[in-house]
Amino acid sequence: MLQSRFLISAAHKSSGKTTLSIGLCAALKRRGLKVQPYKKGPDYIDPMWLTRASGRPCRNLDFYLMGHEEVTDVFEKQAVDADVALVEGNKGLYDGLDLDGSNSNAALSKLLSIPVVLVIDARGMTRGVAPLILGYQAFDRDIRIAGVILNQLGGSRHEGKLRAVIEHYTDVPVIGAVQHEAGMQILERHLGLIPSNEAAEVDSQIDRIAERVSQQVDLDRLLALTQHEYQSKPLNVVPRPPATCRIGIARDAAFGFYYSDDLLALEEGGAELVPINTLRDRHLPHIDGLIIGGGFPESFMSELEANVSLRQDIRRAIDAGLPAYAECGGLMYLSRTLRWKDETKEMVGVIPGNVVMHDRPVGRGYVRLKETGASPWDSDAPAAEIHAHEFHYSSIENLPDGLIYTYDVLRGHGIDGKRDGLVYRNLLASYTHLRSTRRFSWVKRFLALVEKHKNTASSQAAA
């Protein structure tokens, strides 16, 4: 199968690769091509935009959370019916956790056997662009840089100089030259790009970016330089089982951080996902379990406080033993109060603590956890060590002594630098973001708790 596959990377972070990746997805989709996007590393926000731009769920590829075989399998499985497989990297091409670069974008390029399209933030550069490109080529000869996209150019004269230098000193083709334009930028906030489920006029913004990318990137050349004959693996389609439980999931402008793989795993495990809008829905629907993911509750804390009836429903349900799982923003929502910018608002009140927003991150990056044995999620074989991630600007204060925690934090911050995963009845609430992988299937364990609670409730009702 002839298919175009490539990884969008850069010399350093904040070079504009996300905006260009969004534009490329949308521009190629306009041509009638099926574009499958991927994002390297732990990220929720960029995948939302890439999903919206391509029309296909973006998948995360993460060396820290997944083994190499799982990374490859996820990539191949989603790419099997696509015309283009676009992977957006994180940070710079050779940046990573380890000295040997085993966690880098370059390592992902080699594992997947795909070329790199290097984005260069060319502001203030002229002749210096040549040694930069030559150095990136020479540093690892196993990496094939298919071409470069010059970004943030100061005008046609600047572009001409850079093209002349690159053509004279290197053999790397320039496949795009994108001028600096304020309208290309996506608004940012403290946690990165504003999520696509919240930003106003998202589709029109994507259209603007796609139009500029179509005009300034040679799409035909990009496809030609990255096309290859790939041997596609047979797609093993497993029939989805009938739903055996209803899982409420908070999905609105305040909460939207979910891995598409995890949502799929919930459905494949027999869950019917019931969307809940914490800003507008006045009551909980009939559900067997509840999930409240991360997001930006601080930006909507007035609306969350105003929805008193839903907050009361959630508290009563969790008090009554409803299986529930909350991550980061979800934990904040379930606390007593949330304080930000000298304002304090009432939240659900299940967790006996008060959340305070700070100007700088409290916990940021990958984490390692060890189970304490107190998890409400039963397991015959608790994980020896759980790899996950966190990114929060808040902390939770005034927690009483004697609370139960699911995890000891080996790396990271969690709730207090030592522990994470508060347990109350059948609720597990943490700052940690989990991903359901072969290494640790939190979805399977959560659904087992839901089924156990359903059976218990049915037995009690029958009695």
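General observations
- Filtered by the rule that a residue be assigned to a strand (DSSP E or B) and more than 25 Å from the chain's Cα centre (by Cα), region 334-390 gives ARG336, THR337, ARG339, GLU343, THR344, LYS345, GLU346, ILE351, PRO352, GLY353, ASN354.
- LEU322 buried (at least 17 other Cβ atoms within 10 Å of the Cβ), assigned to a helix (DSSP H, G or I) and outside the structural domain of LEU65 (by TED's automatic domain parsing): no
- Output for region 52-74, where each listed residue is closer than 25 Å to TYR366 by Cβ, touching a strand residue (DSSP E or B) at 6+ places or on another chain (Cβ under 8 Å) and either free of Cβ contacts under 8 Å to residues at least 60 places away in the same chain or surrounded by fewer than 19 Cβ atoms within 10 Å (Cβ to Cβ) (or both): LEU61, TYR64, VAL71, VAL74
- Conditions (1) over 22 Å from ALA448 (Cβ atoms); (2) surrounded by fewer than 16 Cβ atoms within 10 Å (Cβ to Cβ); number of the one not met by HIS286: (1)
- Residue match in region 105-128 (condition: in contact (Cβ under 8 Å) with a residue 40 or more places away in the chain, closer than 28 Å to GLN179 by Cβ, charged (D, E, K, R) and not in a strand (DSSP E or B)): yes
To keep it simple, each residue is scored yes or no on (1) hydroxyl-bearing (Ser, Thr, Tyr); (2) in a helix (DSSP H, G or I); (3) in contact with a Lys or Arg (Cβ under 6 Å, 6 or more places away or on another chain).
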| site | (1), (2), (3) |
| --- | --- |
| SER4 | yes, no, no |
| ILE8 | no, no, yes |
| THR18 | yes, yes, no |
| GLY32 | no, no, no |
| PRO37 | no, no, no |
| TRP49 | no, yes, no |
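- Of everything listed in (1) touching a His at 6+ places or on another chain (Cβ under 8 Å); (2) buried (at least 21 other Cβ atoms within 10 Å of the Cβ), the single unmet condition for ARG439 is (2).
- Complete set of residues in region 51-74 that are within 26 Å of ARG439 (Cα to Cα) and part of a helix (DSSP H, G or I): THR51, HIS68, GLU69, GLU70, VAL71, THR72, ASP73, VAL74
- Matching entry among SER395, SER430, SER379 (being in contact with a helix residue (DSSP H, G or I) (Cβ under 7 Å, 6 or more places away or on another chain) and either surrounded by 18 or more Cβ atoms within 10 Å (Cβ to Cβ) or free of Cβ contacts under 8 Å to residues at least 60 places away in the same chain (or both)): SER430
- Across region 114-145, the qualifying residues are those that are farther than 19 Å from GLY160 by Cβ and among the basic types (Lys, Arg), and the one among them that is farthest from the chain's Cα centre (by Cα) is ARG141.
- Residue satisfying all of: in region 247-275; surrounded by fewer than 24 Cβ atoms within 10 Å (Cβ to Cβ) and among the β-branched types (Val, Ile, Thr); farthest from ASP43 (Cα to Cα) among these: VAL274
- Looking at region 195-308, the helices (runs of 4 or more DSSP H) lying wholly inside it that each contain 1 or more residues that are in the same structural domain as ALA82 (by TED's automatic domain parsing) and at pLDDT 95 or above sit at 202-216, 219-226.
- Qualifying position, being among the hydrophobic types (A, V, I, L, M, F, W, C) and in a strand (DSSP E or B), among VAL450, VAL443, VAL409: VAL409
- Where a residue in region 165-176 is more than 19 Å from LEU219 (Cβ to Cβ) and free of Cβ contacts under 8 Å to residues at least 60 places away in the same chain and its partner, wherever it lies, is surrounded by fewer than 19 Cβ atoms within 10 Å (Cβ to Cβ) and basic (Lys, Arg), with Cβ under 8 Å and at least six apart: VAL165/ARG127
- Residue match in region 28-36 (condition: small (Gly, Ala, Ser) and surrounded by fewer than 24 Cβ atoms within 10 Å (Cβ to Cβ)): yes
- Among the residues listed as LYS161, LYS77, the single one being among the basic types (Lys, Arg) and either out of contact with any Leu (no Cβ under 9 Å at 6 or more places or on another chain) or assigned by TED's automatic domain parsing to the domain that holds ARG438 (or both): LYS161
- Hey, ILE186 outside any loop (DSSP other than H, G, I, E, B), surrounded by 13 or more Cβ atoms within 10 Å (Cβ to Cβ) and either outside the structural domain of TYR259 (by TED's automatic domain parsing) or modelled with pLDDT under 95 (or both) or not: no
- A Cβ distance below 9 Å, combined with a sequence gap of six or more or placement on separate chains, defines the contacts here; from region 75-98, residues that are outside any loop (DSSP other than H, G, I, E, B) reach no residue that is acidic (Asp, Glu) and surrounded by fewer than 18 Cβ atoms within 10 Å (Cβ to Cβ).
The values are calculated or read from the model by the stated rules, or taken from the named source; none is laboratory data. Model, not experiment: these values are computed from the prediction. Note that we place each Cβ from the backbone using ideal geometry, even for glycine, and neighbour counts take in every protein chain shown.
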